[in-house]
Amino acid sequence: MKKIIVLIVFVAGIATSGYSQFIKQGTIISGGSFEFKSHKDNDSDYKQSGLSLMPWAGFMVIDNFAVGGILDISTSSSESGGSKTTTTGIMVGPFARYYLDNGLFAHGQFTVGSGKFESGSFNQKTSLSELRIGAGYAIRITDTVLLEPVLGYLSQSQKDKDTDVKSTESGFFFMGGFTIFINSTN
């Protein structure tokens, strides 16, 4: 039993030693995330799906803390009663991410932009905003590449540019992405 405990402590020490100062101050990082979401209303024939691509770049202002900018390009479609609608959007904004030495991290971003809604011959232009707050885990693939799944809370708002009618959706999200150290001081 004593040998098993020593072995567990030894393996845990080796596994966590590679995360000391996970990403150092001064490192330029870049990456991207993708998100797929799908929704089906069980009480009706309504269904929706969407795809979002989010490239970003940031700078480690202190060890393990990055700030930067993000671009969010999205498209979604929904169908109900034989009628199909399509929504597209583009947003930009800041993000912040704090890594713990074990690879866990907190992520937050706020983006604003514009979108277009199309349903048959009806077209509508909207102002968009989005807040994402989540937590993830950075899995080192190489010394300079990380795989990063994130799970969190999402709030999206859109406002019709002609009528000023505003709607908000919120819920949980899952996104996955990669981070690459462009100028690593590690």
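The values are calculated or read from the model by the stated rules, or taken from the named source; none is laboratory data. Source: prediction; values computed, not measured. Note that each Cβ is placed from the backbone with ideal geometry, even for glycine, and that neighbours are counted across all protein chains shown. Ligands, DNA and RNA are stripped out before the accessible areas are found, and what is left, the full protein with its side chains, is counted by its heavy atoms. Shrake-Rupley method; radii C 1.70, N 1.55, O 1.52, S 1.80 Å.
Matching residues to (1) open to solvent by 20 Å² or more (accessible area, probe 1.4 Å); (2) modelled with pLDDT of 85 or more; (3) under 26 Å from residue 148 (Cβ atoms):
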site: 19; (1), (2), (3): yes, no, yes
site: 66; (1), (2), (3): no, yes, yes
site: 101; (1), (2), (3): yes, yes, yes
site: 108; (1), (2), (3): yes, yes, yes
| remark: Across (1) modelled with pLDDT of 90 or more; (2) closer than 19 Å to residue 51 by Cα; (3) open to solvent by 80 Å² or more (accessible area, probe 1.4 Å), residue 174 clears everything bar (1)
| Scanning for something touching a strand residue (DSSP E or B) at 6+ places or on another chain (Cβ under 9 Å), surrounded by fewer than 19 Cβ atoms within 10 Å (Cβ to Cβ) and either among the charged types (D, E, K, R) or farther than 25 Å from residue 137 by Cβ (or both), does segment 90-99 turn up at least one residue? | yes
| So which residues in segment 27-56 are under 15 Å from residue 145 (Cα atoms) and open to solvent by less than 50 Å² (accessible area, probe 1.4 Å)? | 27, 29, 30, 31, 32, 33, 56
